Amino acid sequence: MTEYETILVRQEGRVGWITINRPDALNALNTQVMWDILSAAEAFDADEGVGCIVVTGSERAFAAGADIKEMEAKSGLEMLMGDHFGGWPRFAAVRTPVVAAVSGYALGGGCELAMMCDIILAADTAKFGQPEINLGVMPGMGGSQRLVRAIGYYKAAELILTGRLIDATEAERAGLVSRVVPADELLAEAGRVAETIASKSLPALYATKAALDAAMETPLAEGLRFERHVFAALFDTADQTEGMAAFREKREPRFEHR
Ligand code: CO8
């Protein structure tokens, strides 16, 4: 498996793990982290042996934001031209479902990275927020858009305009986090969720993730049309034949991911 400068990568069964590893900077997301995460995620995405990816950090920080020290001296033009953002839309577009396992700080770009994933599991120590306003800037990796869609305009606006951090319980209540677990159980629980997902039919997972993405991005009628077509397309997969036969025969399905 490829070695990376800023992340640790491993595969367990059909689950690919990406652990952000910049302990001295609370996992701040510099350009190298972005390209490392993208490269690892795209390698897992190209591997039929992987059905789910988990992105996690350390106990203290999932990621405390984009790297302020890397950005501090840049001009607006340099921020745009330097490709500080280019990897993130590609990461958000991987076909494979991604679980974010968040312990400690998920701030600014860290919260935005979690929101690029499909499921956010939080340790009871997790803290989420978009504190960019305190630095004289604003969210730049999707926060002003994805947080609004995730938790609604008014709650998102309050968090983004004040920079207030919320704990895991408030994040769960707001709908940002699907579940809160004790910190020492976070990775095991993320592993269980990812294994469950990875055991399903790969074509069905890809189609489902594409339809979920459409729900965030398209008007309802267009999303429903898209759903109808990808749903129908799954009837040409071996896994649909197997899944429905297994139901009729009252046994577990044996998916071949085709
Ligand atoms: N960038 C760079 N270094 C950081 C960051 C960061 N975001 N966060 C923490 N660090 C570093 C600290 O500078 C410190 O390093 P050193 O020991 O060399 O001084 C080390 O990590 C430990 O941090 P602290 O000593 O500050 O730890 P505390 O426990 O006292 O505080 C906090 C923890 C509250 C998380 C605090 O570190 C903090 O407020 N961090 C910044 C949080 C923040 O503002 N995040 C938003 C950043 S801006 C952003 O994310 C924009 C996203 C869009 C950009 C898209 C293009 C790239």
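For the peptides 95-102, 109-116, 6-13, what is the packing order when you average, over each peptide's residues, the other Cβ atoms within 10 Å and list the highest mean first?
Highest to lowest by the protection proxy: 109-116, 95-102, 6-13.
Evaluate E = 1/(1 + (r/R0)^6) for LEU77 and GLN32, where r is the Cβ-Cβ distance and R0 equals 35 Å; express this FRET efficiency to the nearest 0.05. Don't jump to the answer; show the numbers that get you there.
Values: r = 21 Å, r/R0 = 0.61.
About 0.95, to the nearest 0.05.
Add +1 for every Lys or Arg and -1 for every Asp or Glu among the other residues with Cβ under 13 Å from the Cβ of SER103, and state the total.
For residues surrounding SER103, the net value is -4.
Can you give the extra length, in nm with one decimal, that the chain gains between LEU234 and THR169 once fully stretched, where that is 0.36 nm per residue apart less the Cα-Cα distance?
Contour length minus the Cα-Cα distance gives 19.6 nm.
Name the lysines eligible as straight-distance cross-link partners of LYS127: C-alpha to C-alpha under 20 Å, and not fewer than 8 places from it in the same chain.
LYS155
Show me 140-148, 167-175, 70-78, 58-66 ranked by packing, highest mean number of other Cβ atoms within 10 Å first.
On the way: 140-148: 19.3, 167-175: 17.3, 70-78: 11.1, 58-66: 23.3.
The packing order, highest mean first, is 58-66, 140-148, 167-175, 70-78.
Long-range amide H contacts for VAL181: which residues qualify at under 5 Å (H placed 1.01 Å from N, peptide plane, sequence gap of 5 or more or a different chain)?
Hits under the 5 Å cutoff: ALA122, ALA123, ASP124.
Which three numbers, in whole Å and largest first, are the semi-axes of the equivalent ellipsoid of the stretch 7-199 derived from its Cα gyration tensor as √(5λ)?
Working: eigenvalues 120, 82, 42 Å².
For the stretch 7-199, the ellipsoid semi-axes come out as 24, 20, 14 Å.
Take each of the peptides 215-222, 231-238, average the number of other beta-carbon atoms within 10 Å over its residues, and list them starting from the highest.
Highest-to-lowest ranking by the protection proxy: 231-238, 215-222.
All of the numbers you see were taken from the coordinates with simple rules; none came from a lab. These numbers come from a predicted model, not from an experiment. A quick note on method: Cβ atoms are made from the backbone with ideal geometry, for glycine too, and the neighbour counts reach across all protein chains shown.
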